Structures are given as C-alpha cells and as structure tokens.
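Below is one structure, written out as structure tokens, with a few remarks after it.
The values are calculated or read from the model by the stated rules, or taken from the named source; none is laboratory data. Bear in mind the structure is a predicted one, so any value in this text is a computation, not a measurement. Cβ placement follows ideal geometry from the backbone for every residue including glycine, while neighbour counts extend to all protein chains displayed. These accessible areas exclude ligands, DNA and RNA; they are computed on the full protein's heavy atoms, side chains included. Shrake-Rupley method; radii C 1.70, N 1.55, O 1.52, S 1.80 Å.
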2 protein chains.
Amino acid sequence: MNETTKVTGEATGVETGYTERRELPILRSDGTAGAGMVRKDVPFSPAEYERRLTKTRHAMERAGIEVLCVTDPANIAWLTGYDGWSFYVHQGVVIFLDQHPWWWGRRQDVNGALRTVWMEDSRVHGYADNFVQSTIRHPMQDLAVNLIAMGVGTKRIGVEMENYYYSAKAHAVLEAALPDAQLVDATALVNWCRAIKSDEELVFMRKAARISEKIVDGLLERVEPGIPKNLIVAEILRDAVVGVDDIWGDYASIVPLLPSGSDAAAPHLTWDGRPFATGEATFFEIAGCYRRYHTPFCRTIFLGEPSDILKRAEEALVEGLEAGLEAARAGNRACDVANALAEPLERAQIDRAARCGYPIGLSYPPDWGERTISLRSEDTTVLEPGMTFHFMPGLWMSDWGLEITESILIREDGAAECLCNRPRKMFVKS
Amino acid sequence: MNETTKVTGEATGVETGYTERRELPILRSDGTAGAGMVRKDVPFSPAEYERRLTKTRHAMERAGIEVLCVTDPANIAWLTGYDGWSFYVHQGVVIFLDQHPWWWGRRQDVNGALRTVWMEDSRVHGYADNFVQSTIRHPMQDLAVNLIAMGVGTKRIGVEMENYYYSAKAHAVLEAALPDAQLVDATALVNWCRAIKSDEELVFMRKAARISEKIVDGLLERVEPGIPKNLIVAEILRDAVVGVDDIWGDYASIVPLLPSGSDAAAPHLTWDGRPFATGEATFFEIAGCYRRYHTPFCRTIFLGEPSDILKRAEEALVEGLEAGLEAARAGNRACDVANALAEPLERAQIDRAARCGYPIGLSYPPDWGERTISLRSEDTTVLEPGMTFHFMPGLWMSDWGLEITESILIREDGAAECLCNRPRKMFVKS
C-alpha cells in the first residue's frame, strides 16, 4: 500500500512537496532488482513540476531543440526533484517534448533517484560502475547508447556547453557516440526558466533567510579580537545546519568567506587559524540554505574604531544599496540597479568594476548564483515580479574590503523586498 | 623590508611552508597597481614546489606537451600554492618547460593569488570582470590572447579535457582562439604526478587524520535515537573546523554523508531533519581536512540490536579490509587489494560491484579523490611507497548500507599503514 502525505509551508499555507511511503523497486549493487518499503520525498507539488517542465519545453521549442540533456545539478533538481552529492560523477536528466524526463546516472545513485524524483521508477536508469573515472570507458557512451535506443539518436539535442559538470571530454565523447545527432548549445536554457520563483520556491527562500539572520546574529555576538577565524567558522556552520525552529539547515554551495583587514582585498581566500584583530574590518559572506535554496547575506564587522575612509565608504555603500533597492522594481532593467548603486559610490570616489549582483535560488557547489542575469551596466534584462537576486556590491579595495548586501525579491509593485531583516550597516564593536 | 619565516610540522620536524610579511604590489579594482604590507602564506617549502614542477615537466616531455594549461583547482594548488574558493569562475595556471608557472584568473582574485602562490608577482595575471558569466565574451579568449602574446600560440598545448572546471564551452572557445596551436588532452597528467606524497604532504595528512578521529569520537558520543540528523551534522562540521589543538580545520571537499536504514542503500543522499531511529544502521562518511589535504574515514553506528545479516556482513567486511591492508604493499597492484577484499565478501555472499578505493590528498569540491588509480579488479597500477588511498569498500545493499573504511599509506616495507586509529568495526549502541 502506498501512502502519500502533502507537505505545507507552515507559515504561508502554500502547499509544497509530498512524501510517500511505498514499496520501491530497488536496484541491487549487481544491477538486479529488489524491493523495499522506503520513503519517497519530493520537495515540490506535482503542479509545480508540471509548470517547470512546460516552461522548459516551450524554451526548447523556441530554440529548436527536440531533446535536452541537462547536466547542471541545479537544473536536474529543479526539473525532477533529484538531490544528492553525486554530481562529481557524470549524470543528467533528459527532457523530451512528449514524454516524461529520464534520469540517468551512476548505478550506485539509482536508489537516491528513486527516493527523490517525481517521475515513475521506469524513468530512472543507472550505468555500470566501471564507467566511473575509467580511462577506457566514458559514461557519455552509455548515455548515447540509451538515446539511440530511445529513437532520438538523429535529433537536434541540446547540451549545456558551459557547465561545471559537462566537461570538454564529456562533450567530445557524446558527439563521437551520436554521429547522426546534431548537438547544439543549450547553456542556461533551463537556468533562465528558473529566474522567476514560484510561491512554493519563495517559501523555501524565506526559510533560508531565517537561517541567514541567525548566522549573522551569532557573528555579531561571537566575533572578538583574539578569537581564531576557524572557531567562528565552526559556529557559522553549526548555526547554518542546526537551522531555526523546524527549519533544518542544508549545506550552502559556497563555504563561509570572512577575510579581514588587508586580506579583505582578496575576497575568495578561505579561513585559517589566525585570530581576529583590533583595527580590522572583516566581511562575512554567508548564505542560509533550505533544501538547496539559498538566501545569501553579507555583513561587515569592525573591531575597534573604523577610519574615516571606511566610514565614508560605508555611508556611500548604504546610500547606493538603498538607491539600488528603489530601482529594483518590475519593469526596470538589471542595469538600472547597477547604475543607481554606482552614483553615490562614484561621488565618494570609490572605484568599483565588478558586477553588483546575480540571481539566486536553487543551487549546488561551487556557486550559489544562477548564472543568467548580472546586475551590471551592460545587462538590460527587464526585471519581473518573482525574480530573486543577491544584490551584492562588495567593495574589494587595494587593502580593505567591505560587504553589506541584501537578497531581494522583485515585487508586483514598488521597490524590492529584502528577504533578510537586519540593520543595513557596518557593525562596529569597540 | 621583507621578513620570511619557515614553518615546521611540529610533531615531525619536517619543514613545510613559509610565511612572509612584505610590501606587495596589489591590483586595485580598476586594474591599476597599489601596494600594501600583507602576509604571503605558502604552505610548502620552495624545494617541494621545485620537486613538483620538475616532475610535471618530465611528464609533459614524455607526453610531447610544450605548454600545459592546468584548470583542476587541486592541480593549480599543488603546483603553485594558490588556494581560494574562486574555481566557480574560469582560472588556471600555465606550466612551461623553461619559465615559471603563470597564474591566470579573474582580476578580483589576483590579490588572493599574490598572497598564496610561490611565484614572483609578475607571474600573476587577472582578466576583466566583464568576462565573468558573460554571453558575449569568454575568459578563454583572454587566456588565448595572453598565450599568443607570450609566443606559445603555435605550440602543442595540453588541456585537462576531463575536469569539472574545464567546460565543453571553454575548450571550444580556446580552440577557436588558438587556431595555430595543437590542443592535446592532458587529463590527469598532473594528478598522476600527485600520487606519491612527500614527507611535507604526509605531515598535513596526519593532521587531517587527527581531525577525522575527533569527528568519529564525537559521533559515537552524540548519535542517539530521536536526535535529528541535521543536529549531528552541525556538530560534525563544528568539530571538523575547530580541529585539534593547533590544527585548524579546513572545509572538506564533500559534505558529511550519513544515510540510515534503508536509505543507506542510496549513498549520496544528504541529510535532512529526520531523527535517528532504533533498529537502523547509519554510516558516516567524513574527512578531516588540513590546508586542503584530506584523510577520509567512515564508520557505521547501529542503534539497537543488529540483525544477523548485518553482523555477518560486518565480520566479512572487516576480514576483507584486513586482507586488503595486507595486500596494500609496495610492489603489489591496485587490483590485488580489491581481490583480497573480495574473497571474504564473496564467501559471505555479499555482492559488491563498485570500486573499493581511490587515491587521496589535496582536493577541492566536488570530490576528495585524485581521479587516477581505482582499487578495482581491472586496475593493475603498481603500488609505490608514499601513495595514499581511501580504502573504501562501502556496502550499499538493496535496503541497508555499511561503511567501515581506512585511509592508508603504502610503506617501504610491509602492509599499509592506517592514518586514523579507531576500532575497525560497526559500533553498536543498544
């Protein structure tokens, strides 16, 4: 007997996923089938997956793509529900215009797929373990054989050329093994479909925001001169995964970043065991994460008395953020946000060349951005209600750095909504 | 004035890295040069980097490669010292036969490179921010322009075709932008050079092992029926980063994995907020990490009274591990370890198809393996002193899973040394 339970985002009443206890056909390690009573846990409602699939198929049709091979783990999860740390081997989901998605991965991960995807079990396929990191076989050969067997070996097939998990070799092997297909670049096709968040997704992002707030609260309490960096990171990670109330924390796609003083000029160095020091600003770049949905949030803490340079930078940055939030409204463009931010920074003679934000939501390491829109002067994408961004105007100067950021939601009307709610300033502990 | 301090692995007396306080030319956000007093922190001795570079050049010469573009972050770090969470954008290091390595990455990360690489500052180059996730520009165009300017645009250039961070698109763009070069596949060329660890590297791995032991000790103390999974993960992460004594913990390249009961059949599902339950086995797949060096270690905890099936599996697995450790000696082959393990498992009628181990050491997400040797029946690589493996015969059956593993060092003589020291068994808490 199967038993299905709907899950509701408690604060909002929005129906989200469902869990199901049922007899699952399970693949044994030798490839034969067994069975067992297991819990299938799908994060979103059937209607939500239907919406996503329909949107993706329309995008495929517009691009003249008949079959789409999705290898970005976030795109796989968004389309099917699949969630596991298995993206270090080749895996994917194949999207057709007229049949259900087909999950494909290492045989060892089939049991994970059976527990997490919404499709029927027959739409899950595993390849043998001796394809893994082999010098004589490649998993893409198995994918090609299957595509040909499904009768789509002569189609126009989209592949995500610019993706961490679709290597140059994978492409070369797939191309050679599908001599009659036409492989076309479908980079970011699904990512663009993800730009506008549904109510169900926003339930998750708001939960992640509560975790982000908790992390920042802990930092403000704990950071003191003399405390080694790694001890603070240990508490960040603990807070992030303990979560808030019944919101359990998932792993963020980037580790906490917290460079201090002149090292804050190097924004992507990770921590070590050196202590926080008086007279230094440290920015904390973190994100709460709930079921793979991220709400990044950065704040800066100064220990001691900040210089006038830093105080003026803070003032200009907060002014720029507020101008940017005003500009971040439906109908405006991505560049309008960047330009609104730039003005007070320029007045303060702060030279800032990097983009100031990117879309956020579902993601896997190594990045929590969606890699579509960039908040920068050359990006004219029109903002739409439901889009979410990390508005991230980090200042990484020659020998100091400052980050005060907001994760934002574009609303039907008015300025953007900030998903986290903590004072927008550099915190000074003297 | 520059000031250099050598760093010594305290327990062993082996000299490891060095730190240096000096005036560094720093790139401002607008690309102009500034200067500041910063600490340069290089994890290994100059002699160690010299050894690595020489070994890599010999491998290049054997493969007929004149210039090598390295994009695997672990290979970049191994060759140069560079360490930062910046691998989500395109970056690399170019190895020449007759000049120092040349670091190439996003301009924003130049300051990170200046602080972490052993080469002189002029060997660090940043590309402009509008190459990042652009639909009209690609960072590989910048790399190609630079290679041509350095006079190597007509050479035989090695690229790592099978790598998370060398996408199909990156290769296509580089190929198009270097029409006179011959690009050849150099996948794992550097990874193979990493297989035998130096004494300096072993100092780091032994430190990581102490962190692994601490994590497992914490698990044995804390795991109880009714405790939600995420709370245990929170403590694992905290222990991992707090470290042991003065050994501060770095982030591991894979998050902790701890599936229970029938979910243990799906080894790569990550945690949620459900509680541990009586009557279930949970395996814990973790690794302590010190300055990017990993020593993975897995143990299983059973809550309640294990079934005879599980107890027999444990017995066979431990017997197989011990046979494998005996076989893991210099002069034997990778397959000898796998075959020694297989025998007692087969006698117990446990069917196990996956490989049972892989080389370990320096790594970045999403994997802590080195992706060269596999401990499996078809791999005849001869084992050499200084090689390190995660001997990892996980049992992922149809509705249960069991992991008891060892990180091992191949010695000059005798059976392999286990880097961690905890009882080799399934722990039962009744």
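Summary table below
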{"quantity": "Contacts under 7 angstrom Cβ, first residue in segment A:118-139 being within 14 Å of another protein chain (Cβ to nearest Cβ), partner surrounded by fewer than 17 Cβ atoms within 10 Å (Cβ to Cβ) and part of a loop (DSSP other than H, G, I, E, B), 6 or more apart", "calculated": "A:129/B:353; A:130/A:137; A:130/B:378; A:131/A:137"}
{"quantity": "Test result for residue B:266, open to solvent by less than 10 Å² (accessible area, probe 1.4 Å), under 23 Å from the mean Cα position of the chain (by Cα) and either of a type outside the set (Val, Ile, Thr) or at pLDDT 95 or above (or both)", "calculated": "yes"}
{"quantity": "Any chance residue A:223 is of a type in the set (A, V, I, L, M, F, W, C) and surrounded by 23 or more Cβ atoms within 10 Å (Cβ to Cβ)", "calculated": "no"}
{"quantity": "Total residues in segment B:147-165, condition open to solvent by less than 30 Å² (accessible area, probe 1.4 Å), more than 14 Å from chain A (Cβ to nearest Cβ) and touching a strand residue (DSSP E or B) at 6+ places or on another chain (Cβ under 9 Å)", "calculated": "2"}
{"quantity": "Residue match in segment B:382-392 (condition: within 9 Å of chain A (Cβ to nearest Cβ) and part of a loop (DSSP other than H, G, I, E, B))", "calculated": "no"}
{"quantity": "Subset of segment B:418-430 [outside any strand (DSSP E or B), more than 17 Å from residue B:198 (Cα to Cα) and open to solvent by less than 40 Å² (accessible area, probe 1.4 Å)]", "calculated": "B:420"}
{"quantity": "Top-ranked residue in segment A:166-186 [being of a type outside the set (Gly, Ala, Ser) and surrounded by fewer than 21 Cβ atoms within 10 Å (Cβ to Cβ); ranked as nearest to the other protein chains (Cβ to nearest Cβ)]", "calculated": "A:185"}
{"quantity": "Pairs with Cβ under 7 Å, 6+ apart, first in segment A:295-319 and among the hydroxyl-bearing types (Ser, Thr, Tyr), second part of a helix (DSSP H, G or I) and buried (at least 22 other Cβ atoms within 10 Å of the Cβ)", "calculated": "A:295/A:205; A:295/A:208; A:295/A:209; A:295/A:212"}
{"quantity": "Flag for residue B:113 being open to solvent by less than 50 Å² (accessible area, probe 1.4 Å), farther than 24 Å from residue A:87 by Cα and either in a helix (DSSP H, G or I) or of a type in the set (Asp, Glu) (or both)", "calculated": "yes"}
{"quantity": "Residue check for residue A:202: free of Cβ contacts under 8 Å to residues at least 60 places away in the same chain, under 19 Å from the mean Cα position of the chain (by Cα) and either at positive phi or open to solvent by 10 Å² or more (accessible area, probe 1.4 Å) (or both)", "calculated": "no"}
{"quantity": "Single residue of segment A:255-281 satisfying the filter (facing chain B (nearest Cβ under 9 Å) and hydroxyl-bearing (Ser, Thr, Tyr)) that is farthest from residue A:402 (Cα to Cα)", "calculated": "A:270"}
{"quantity": "Check on residue A:259, farther than 30 Å from residue A:51 by Cβ, surrounded by fewer than 21 Cβ atoms within 10 Å (Cβ to Cβ) and in contact with a strand residue (DSSP E or B) (Cβ under 7 Å, 6 or more places away or on another chain)", "calculated": "no"}
{"quantity": "Of residues in segment A:106-117 being aliphatic (A, V, I, L, M) and facing chain B (nearest Cβ under 9 Å), the one nearest to the chain's Cα centre (by Cα)", "calculated": "A:113"}
{"quantity": "Tally of residues being open to solvent by 40 Å² or more (accessible area, probe 1.4 Å), out of contact with any Leu (no Cβ under 7 Å at 6 or more places or on another chain) and facing another protein chain (nearest Cβ under 9 Å) across segment A:229-247", "calculated": "2"}
{"quantity": "Selection count where residues are open to solvent by less than 10 Å² (accessible area, probe 1.4 Å) and either of a type in the set (Ser, Thr, Tyr) or closer than 30 Å to residue A:247 by Cα (or both), scope segment A:301-315", "calculated": "1"}
{"quantity": "Set B:170, B:209: member being touching an Asp or Glu at 6+ places or on another chain (Cβ under 9 Å), in a helix (DSSP H, G or I) and small (Gly, Ala, Ser)", "calculated": "B:170"}
{"quantity": "Lone qualifier among A:96, A:131 - being out of contact with any Cys (no Cβ under 7 Å at 6 or more places or on another chain), aromatic (Phe, Trp, Tyr) and open to solvent by 10 Å² or more (accessible area, probe 1.4 Å)", "calculated": "A:131"}
{"quantity": "Test: residue in segment B:208-223 that is in contact (Cβ under 8 Å) with a residue 12 or more places away in the chain and facing chain A (nearest Cβ under 10 Å)", "calculated": "no"}
{"quantity": "Filter pass, residue B:272 being modelled with pLDDT under 95 and open to solvent by 10 Å² or more (accessible area, probe 1.4 Å)", "calculated": "no"}
{"quantity": "Enumeration of residues in segment A:187-204 that are more than 9 Å from chain B (Cβ to nearest Cβ) and part of a loop (DSSP other than H, G, I, E, B)", "calculated": "A:194, A:195, A:197, A:198"}
{"quantity": "Unique residue being within 14 Å of chain A (Cβ to nearest Cβ), assigned to a strand (DSSP E or B) and either crowded, with 23+ Cβ neighbours inside 10 Å or not aliphatic (A, V, I, L, M) (or both) when the list is B:103, B:85", "calculated": "B:103"}
{"quantity": "Residue tally, condition among the aromatic types (Phe, Trp, Tyr), more than 8 Å from chain A (Cβ to nearest Cβ) and not in a loop (DSSP other than H, G, I, E, B), over segment B:393-417", "calculated": "0"}
{"quantity": "Residue within segment B:372-381 that is more than 9 Å from chain A (Cβ to nearest Cβ), charged (D, E, K, R), outside any strand (DSSP E or B) and farther than 17 Å from residue B:411 by Cα present", "calculated": "yes"}
{"quantity": "Matching option when the condition is assigned to a loop (DSSP other than H, G, I, E, B) and of a type in the set (Gly, Ala, Ser), among B:324, B:320, B:331", "calculated": "B:331"}
{"quantity": "Some residue of segment B:211-218 being among the charged types (D, E, K, R) and crowded, with 21+ Cβ neighbours inside 10 Å", "calculated": "no"}
{"quantity": "Sole exception among (1) within 26 Å of residue A:301 (Cβ to Cβ); (2) among the hydroxyl-bearing types (Ser, Thr, Tyr); (3) out of contact with any Pro (no Cβ under 6 Å at 6 or more places or on another chain) for residue A:381, by number", "calculated": "(1)"}
{"quantity": "Positions within segment A:323-368 being among the acidic types (Asp, Glu) and open to solvent by 20 Å² or more (accessible area, probe 1.4 Å), in sequence order", "calculated": "A:326, A:336, A:343, A:346, A:351"}
{"quantity": "Any hit, segment B:281-300, residues being open to solvent by 20 Å² or more (accessible area, probe 1.4 Å) and more than 30 Å from residue B:85 (Cβ to Cβ)", "calculated": "no"}
